[in-house]
Every structure is written in structure tokens, then in C-alpha cells.
1. Being among the polar types (S, T, N, Q), more than 9 Å from the ligand (Cβ to nearest atom) and within 17 Å of Val74 (Cα to Cα) is the filter here, so list the residues in region 17-42 that pass it.
2. Assuming Ile81 fulfils every condition listed in (1) within 10 Å of the ligand (Cβ to nearest atom); (2) within 17 Å of Arg114 (Cβ to Cβ) apart from one, which condition is it?
3. Considering each of Gly45, Gly130 in turn, give the residue that is assigned to a loop (DSSP other than H, G, I, E, B) and within 12 Å of the ligand (Cβ to nearest atom).
4. Anything in region 91-122 that is buried (at least 18 other Cβ atoms within 10 Å of the Cβ) and at pLDDT below 90? List them, or say none.
5. So Ser150 fits all but one of (1) touching a helix residue (DSSP H, G or I) at 6+ places or on another chain (Cβ under 8 Å); (2) not assigned by TED's automatic domain parsing to the domain that holds Gly289; what number is the exception?
6. Can you pull out the helices (runs of 4 or more DSSP H) entirely within region 203-298 that have at least 2 residues that are within 12 Å of the ligand (Cβ to nearest atom) and of a type outside the set (Val, Ile, Thr)?
7. For region 257-270, which residues satisfy the criterion of being surrounded by fewer than 19 Cβ atoms within 10 Å (Cβ to Cβ) and more than 14 Å from Ile178 (Cβ to Cβ)?
Amino acid sequence: MRRPVRIAVTGAAGAISNSLLFKVASGEMFGKDQPVILQLIEMPGRMEALRGLAMELEDCAYPLLHTITLHDNVEEGFNNIHYALLIGARPRGPGMERSDLLESNAEIFTRQGRALNDYANRDVKVLVVGNPANTNALIASRNAPKLSPSQFTALTRLDHNRAKGILANHTGANPRNIGRIVIWGNHSTTQYPDLHHATVLDEPVMNQIDFDWYQNVFIPKIQNRGAEIIEARSVSSAASAAQAVVDHMRDWILGTDAGEIVSMGIVSDGSYGVEKGIFYSFPVRCDYGRYQIVRGLDISEWGRERMRLTEAELLDEKAAVNHLLPPETEASHQNLSICLRSGVTLYADGTGPDASSKYLTTNRVM
Ligand SMILES: NC(=O)c1ccc[n+]([C@@H]2O[C@H](COP(=O)([O-])OP(=O)(O)OC[C@H]3O[C@@H](n4cnc5c(N)ncnc54)[C@H](O)[C@@H]3O)[C@@H](O)[C@H]2O)c1
């Protein structure tokens, strides 16, 4: 067996973690030969619930579960971690404005960004799940000057999986035979689920579905799926979110299937005209533990309008927390070609793709 990897999970006693931790411990995320150390983090008042969950994990006798540690603060919980799954966040309370929600989460993710900077392994990979996920990822990333922005991602894989599942049901296809769906933008109701590049059994999806259904039924259904689930079960999606976290991390670390595209919320490098420096969901492929934006997809004016709408929302969210973003990390988020650790330009040593490449490597050079 390999050396164990250290995984920190915040909000570890919450609903998503209740599904997720068992999948991680059983090897679903990083493979059946990868032992894991779980560093679980909760609010001080939730530590007893967390202790109960840890006992259940122990009782499963998972061969891959090396150690569990419990923490009521991130500074301790992030020590030496290779992966951070940031799930805990402040939920929207009664009478709370959107700007209040952004601000109270900004405090949490500022502290977490700093703690990652100071205590995590230098190659840590971070997934932000807690909402508003894209902007929380921005805040954490901007507060970690020693890490590259490309080490931070936000979860839009749930939206991607929802689109695949619902399309499979509509067409009668097996989800396995559906590929190249793209979620653009924010994990919110402004997201743009794009089927123009998608295929069912290698045939273009758009030839097989009615455009009216796509525009008036499918898109709003994906955009509002989260709310629909809350209405039906009074609590938000948890098991499907946990599955999406597994899929996101597994693809990032172990690579996407050949020819497949997945959606990840990542810092924009200006691809597709999206403003640099915000966390926006792009089509990506992963290999060698790095993601690459898939470039060169044809976007119609109709699609561009939707991409701009969700971009505008993310720019608004950024404006609402801008006073909390340290100016010292502005440049690194505007120019991803700078490698923060060594100061080497991404392409300077010839390791980057050439100008004709369809893919742009946005991770730093190691
Ligand atoms: N991006 C997505 O696709 C997606 C999907 C589903 C849910 N979410 C979001 O994920 C978050 C968690 O959802 P859930 O259903 O597990 O919620 P939950 O309320 O069941 O659990 C959240 C847990 O986080 C803990 N917590 C809160 N702040 C914390 C902090 N600063 N440090 C450590 N722990 C903290 C709470 O004590 C609680 O136990 C929510 O913000 C939800 O909106 C995102």
C-alpha cells in the first residue's frame, strides 16, 4: 500500500459529510490502494456529534482508514494536509440579506485561507463546497499568498451530474454514454448548463432533443434543482453533493476519462472572455493531478449571453467582499502565468503547451 494522504474536512458532522466520509474511507475517492488519514473539523458545539460519527467510521473497520483526528479549529486541523474539503459554512438565516451571508462566510473562509497558507502541505488541493462556493473559494485563495490560485476549486460537479442524470432520463440513455456536458459560471440559479457540445453515444445531443425543452424545461430545472430538493425534503441535497465531491476530487487526482469533459469552479485565466480572477465554472480535463481548461469550444451569441449573466453575478459577489480581499494577492489571481512558489513563469521552462494547443494548463509548474 501507498503512504496515507491527509484529508481535512470542515463541517464534518454535517449532512454532506455524513455520506461523504464513508465513501472516502472506503476508497471511493482516491482508489482502493490509497490509505487515508481523516482530520475532521467542526464547531466546538458539534464535537460530540463528530465523536459519534468517528466511532461509526471506526466500526466499519475500513482497511484504508489509517487514522481519524478530531479538531475544533482549522489551524490544528489543517496541519500537513494534502487535501482540504471545505464543507462547513454559515447557512442563510431568517431576515439575512445576501450581502450579510457573503460577509459572514467571508470571515470563515478568510481564516481558512490563512490556515491553509500556514499549516497545510505546500501542494494541498482545496475543494470549496460551502455556499456561496465560488466566492468562498475566491476568498480562501486570496488569503493564501504562498499557495497558487490553481490549488483552489469550487464544487459545480453536482450541477454537472444533475444535468447528466436528468438528460439520461429524458433520452433513455445510460448516464455512462453521455459526455461533454458543461456547466458555466456560478453554483447558483444563474449558472448556464450547456448541452451544445454534449453527446449521447457519440452523437450530438442537440440533434436528439427539442430546443424548446432544452431552453424552457431543462435549463431552469438544473438551475433550480437545489431549491426543488429543499422544498421536497426540507433539507438540502446531501448524498448527491457527497457523490459530486467524490467525483470532483477523483477526476482531479486520478484524471478524467479519455475524451471526457467535466465542470469545475476554478480561477478564471480570461478563457472564453471571462474576467480574470473570479472563480467560474469551466469545462476542464484533468491529468497528472492538474486541471486544464478545454479551449476552442464554439459558443453562440445565445450561449455567450448566458455566460455573461452568471459572470456578472460573480463580479457582484466579488464587489460585495472586495474590501476583505488582500491587495497583495490581486496580481497572482490576474496573471496565472506566474508561479508563486519559485517566481518562474509557467511557460518559461518550455513545459507549458504551445500556442496551438487546445488545452491551457492553469496549474503551476512544480
Ligand atoms: N456546491 C454545492 O454543490 C453544494 C451542494 C450542497 C450543499 N452545499 C453547501 O454545503 C454546505 C454544507 O451543507 P450540509 O448539508 O452539510 O450542511 P449542514 O448544516 O448539515 O452541516 C454543516 C456543518 O458545518 C459546520 N460548520 C459551520 N461552520 C463551520 C466552520 N466555520 N468550521 C467548521 N465547521 C463548520 C456546522 O456545525 C454543521 O455541522 C452548505 O453551505 C450548503 O449550502 C453546496
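The values are calculated or read from the model by the stated rules, or taken from the named source; none is laboratory data. Just so it is clear, the structure is predicted and the values come from calculations on it, not from any experiment. Neighbour counts are summed over all protein chains in view; Cβ atoms, including those assigned to glycine, are modelled from backbone coordinates with ideal geometry.
1. Across region 17-42, the qualifying residue is only Gln39.
2. Among (1) within 10 Å of the ligand (Cβ to nearest atom); (2) within 17 Å of Arg114 (Cβ to Cβ), the lone unmet condition for Ile81 is (1).
3. Going through Gly45, Gly130 in turn, just one is assigned to a loop (DSSP other than H, G, I, E, B) and within 12 Å of the ligand (Cβ to nearest atom): Gly130.
4. Leu101
5. (1)
6. The helices (runs of 4 or more DSSP H) meeting that bar are 225-233, 239-254.
7. Within region 257-270, Ala258, Gly270 qualify.
Residue-by-condition table, conditions (1) touching a residue at least 60 places away in the same chain (Cβ under 8 Å); (2) away from the ligand (no atom under 12 Å from the Cβ); (3) outside any loop (DSSP other than H, G, I, E, B):
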{"position": "Ala89", "(1), (2), (3)": "yes, no, no"}
{"position": "Arg92", "(1), (2), (3)": "no, no, no"}
{"position": "Gly95", "(1), (2), (3)": "no, yes, no"}
{"position": "Ser104", "(1), (2), (3)": "no, no, yes"}
{"position": "Phe109", "(1), (2), (3)": "no, no, yes"}
{"position": "Ala115", "(1), (2), (3)": "no, no, yes"}
{"position": "Leu138", "(1), (2), (3)": "yes, yes, yes"}
{"position": "Ser150", "(1), (2), (3)": "yes, yes, yes"}
